[in-house]
Structure formats: C-alpha cells, structure tokens
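Some notes on the structure that comes next.
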Amino acid sequence: MAVSTFLFAVLAPFSAAEAGTVTAVAVDDRQIIIRFDDVVEKASSFTLAGPNRIAVDVSGATPGAGQGGSGFVSSVRQARFNENTARIVFDLAEPAIVSGGSFASDGRSLTLTLQPVANERFSAAAVSGRKSYLPPEAHRAAPPRSRYNITVPLDAPKSGLPRPKIYGPKGRPLVVIDAGHGGHDPGAISPHGGKREKDVTLAIARAIRDELIAAGRVRVALTREDDRFLVLRERTAIARNLGADLFVSVHADSAGSPDATGATIYTLSEVASDKEAAAYAARENKADIINGVNLGKENSDIASILVDLAQRESMNASANFAKLMKREASREIRFRPDFLKNAGFAVLKSPDMPSILLEVGYLTNADDTNRLVSGEGQRQIATGMRKAIDIHFAQRTASR
C-alpha cells in the first residue's frame, strides 16, 4: 500500500495525563473492588470461557498491587494490556458474571458485583461483549494526547480476496495449506521461550509447501505467506476460489497441562466428539472476534446454508484423509492416541473440498515446542504430510 505524503502539524506540547496505578484489588464472595491512586479514564469488563475468567480493562491505569482470590475468584492476575491500559484477570473457581458495576464518587475505585450462574448462562455471557463503566465526569482523566497529528493519504481499498501464488506444474491437484492465526492474532504463546503459534504455523506451512513442490506431484498454495490476519471464512474462500482439491489448516495449540503432547487431526462435525474438541473449536472460531467486533460476519445467504449432501460427502472424504494421514505419517509425526477428533470448526466448513485441521502439537509442552520450532521437526511434519497427500490423490485417481 503506497503512502503518498506525510503532513506533520504540531498541535500542542505533549500533555498526556498521568496514569493512575492500581493500589488494591479486594475480592469477597459477591464483590470486587479495584482502587487507584489517581483518576482513570474508564473501565470495561468481559467474560471468557475455557478456562472461565472475568477480565477488566482500565484505561488510563497501570498495573499495581492486588491480592489472591476469594469466593468465586480463585486467583487474580494483572498485566499491561497496552501503554495506556491495565488488564486485571480474575480466574473463576465456579461460573459467575458481573451483574453490575460503578465508580466511586471520587473516581478512584471501581466496584463490580458478582452473580453466580449456571454454565449455560455463563457461556452466553462469554459471547455477549463488554460492559463499560465511566467515572463521574468531574473526576474522569482525560485521554492522553499525541504530540503530532499525522495525515496519511491512503490508496483506495481493494475489493476481493487475496489470490496467493500457486506453485507446481499445471494440471496437477491443488493443495492449499493454511497457516493458522497471523497479524494481530498471535494464537497460543509458548511459556518455553515465548514462541508464537502464528510464527510456528507459518514456518511449518512453508516447509510443507517446499516438500510438495520438490516431489512435483501436486500444486500447492498458502493462504498466507507472511504475517497477516485473515478472517476464518476468508481462508476457505481463498482455497475455493483457487479450486483447491484439499485444504489443510495448520495449528499448534496450548493445553492446561504441560504434559499434553502429540498431534491431533480435527475434521468437521456439527456435533463435537468430546468436550475438549468443542472447547478448542469455540476458541478457534473466536479468532474473528477482535475487541468485541465480529470480523467474520457472514451475509444472510451464506449463513443460511445447511450441511447438505455435498457437505456430508466432503466430511466423509476429510475423515478418510485424516485416517490415511495417521497411517502414512506416523513415523514422522508423533500423534496422540486419540488422534482423530471432530467439531464445528468454521475454517473447515466447505461443502466441496476435503478439509482437515492439523494440530501439530502443544506449545505448552517443552518437547513439542522444541520439535515444532526446529528445522528438522518441521521437515518431518512436511515429509509425513507429503506421503499422505501423494497416496490420497493416487487413490482418488485409481478410483476414477
């Protein structure tokens, strides 16, 4: 995107308001009180499931002191969300929601009321967006002002989806490899060196591409070849626009236990195979929701499509490919014993091409992380994938 000119105009001397610091976080059975040493701009709260949490963002504040959990809250964590916002996360011992909240008259404390709820209502709250709270106007900190105003003329937005480069000889089947996450969505972050899922999946996708190109039996394209954000539906739409014969989305998850290890293959089903698969699909499907705005909202025609005969045929082909991959790639890829799972992944909902989500391992496991970020580990995954893809298309040709 070209930028033609920059116009810098000094508006005023820098006058950012001093941020208030969190001085105390008090938790009892039905109430949370957050105190500050100075006025703040505003606050908001939202609910997160899997694991169950309540998060509070305070604009015009920096993290500070706190305390442990009590009542519905098992623990409290604070961090700087950005340069102007403190985030406080309350891990829940049992489902509870914020039923109300307000600032004190001096604007230096925020009180939130907790209400215990059933799992169904908690799940509904987790997708309902934020609740906002404002201090009294007389005690509200002004947002920080920038020293400069920057005018940046931009090119007109381009319509349509990206069209990635296709590698390989014409006339061969086309495989589209999707590196999960990207851009402002890092995915899982490993506690072992801070490796980000978006970087790991892109490196593995490139390794698979190179292996398939070297073999020369298929064409291959990547939904993204750099660090960019794609809405979930865009990923499958790119593959369909290219006329893909197979779609593989590569991910590297985190787990509650550092002992969880091994690869898993997920295929589409409207009914999840187990609670773990359902929770994972729910997390991945929320990748389109940034700051409470659903970037993947579909038009009414697409939203109304049901799983028809073509979809079911695609689902069967996807499951068959998943089993074939386990059989052919087990020497190169260490799979979990329960390697095949299914759930309602948005990224797999294509009615006309076999699609799988390959979870290559867990970034919360040290051995998995070391394997996934190493060149040798990535080559092994690519080799296993190439073997399965070669046989998949050989069988398809033979059946015709």
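Examine segment 144-165 for a residue that is surrounded by 13 or more Cβ atoms within 10 Å (Cβ to Cβ) and either at pLDDT 95 or above or assigned by TED's automatic domain parsing to the domain that holds residue 385 (or both), and state whether such a residue exists. No: segment 144-165 contains no residue that is surrounded by 13 or more Cβ atoms within 10 Å (Cβ to Cβ) and either at pLDDT 95 or above or assigned by TED's automatic domain parsing to the domain that holds residue 385 (or both). Name the pairs whose Cβ atoms lie under 8 Å apart, with the first residue in segment 371-392 and buried (at least 22 other Cβ atoms within 10 Å of the Cβ), the second of a type in the set (Ser, Thr, Tyr), and 6 or more positions between them or separate chains? From residues that are buried (at least 22 other Cβ atoms within 10 Å of the Cβ), the pairs are 384/330. When 210, 227 are screened for being modelled with pLDDT of 90 or more and over 17 Å from the mean Cα position of the chain (by Cα), only 210 passes. Residues that are within 32 Å of the chain's Cα centre (by Cα) and at pLDDT below 85 within segment 1-28 comprise 1, 2, 3, 19, 20, listed in sequence order.
Identify all residues within segment 189-203 that are surrounded by fewer than 22 Cβ atoms within 10 Å (Cβ to Cβ) and either in contact with a Pro (Cβ under 7 Å, 6 or more places away or on another chain) or at pLDDT below 95 (or both); write none if there are none. If the condition is that a residue be surrounded by fewer than 22 Cβ atoms within 10 Å (Cβ to Cβ) and either in contact with a Pro (Cβ under 7 Å, 6 or more places away or on another chain) or at pLDDT below 95 (or both), then 189, 191, 192, 193, 194, 195, 196 are the ones that fit. Could you tell me whether residue 128 is part of a loop (DSSP other than H, G, I, E, B), under 19 Å from residue 37 (Cα atoms) and polar (S, T, N, Q)? Answer is no for this residue.
Considering only residues that are part of a helix (DSSP H, G or I) and either without any contact (Cβ under 8 Å) to a residue 60 or more places away in the chain or surrounded by 24 or more Cβ atoms within 10 Å (Cβ to Cβ) (or both), which ones fall in segment 210-234?
Going residue by residue through segment 210-234, those that are part of a helix (DSSP H, G or I) are 210-215, 232-234.
Correct list: 213, 214.
Scanning segment 45-103 for residues that are over 18 Å from residue 115 (Cβ atoms), part of a strand (DSSP E or B) and in contact with a Leu (Cβ under 9 Å, 6 or more places away or on another chain) yields 58, 89, 103.
Identify, from the list 391, 356, the residue that is modelled with pLDDT of 85 or more and assigned to a strand (DSSP E or B).
Details: 391 fails: assigned to a strand (DSSP E or B).
Exactly one residue qualifies, and that residue is 356.
Among the residues of segment 254-270, how many are surrounded by fewer than 15 Cβ atoms within 10 Å (Cβ to Cβ) and either at pLDDT below 80 or under 22 Å from residue 119 (Cβ atoms) (or both)? Residues in segment 254-270 being surrounded by fewer than 15 Cβ atoms within 10 Å (Cβ to Cβ) and either at pLDDT below 80 or under 22 Å from residue 119 (Cβ atoms) (or both): 3 in total.
Part of a loop (DSSP other than H, G, I, E, B) and either modelled with pLDDT of 95 or more or out of contact with any Lys or Arg (no Cβ under 6 Å at 6 or more places or on another chain) (or both): does that describe residue 376? Please lay out each step first, then the result.
Numbers: part of a loop (DSSP other than H, G, I, E, B): no; either modelled with pLDDT of 95 or more or out of contact with any Lys or Arg (no Cβ under 6 Å at 6 or more places or on another chain) (or both): yes.
Against the criterion (part of a loop (DSSP other than H, G, I, E, B) and either modelled with pLDDT of 95 or more or out of contact with any Lys or Arg (no Cβ under 6 Å at 6 or more places or on another chain) (or both)), residue 376 does not qualify.
Scoring residue 176 on the criteria (1) assigned to a loop (DSSP other than H, G, I, E, B); (2) touching a Leu at 6+ places or on another chain (Cβ under 8 Å); (3) within 22 Å of residue 397 (Cβ to Cβ) leaves a single failure, condition (1).
Within segment 271-291, is even one residue at pLDDT below 90, assigned to a loop (DSSP other than H, G, I, E, B) and of a type in the set (Asp, Glu)? Scanning segment 271-291 turns up at least one residue that is at pLDDT below 90, assigned to a loop (DSSP other than H, G, I, E, B) and of a type in the set (Asp, Glu).
The values are calculated or read from the model by the stated rules, or taken from the named source; none is laboratory data. Note that the structure is predicted; figures quoted are calculated from it, not measured. Methodologically, a virtual Cβ is constructed for each residue, glycine included, from the backbone with ideal geometry; neighbour enumeration extends over all protein chains shown.
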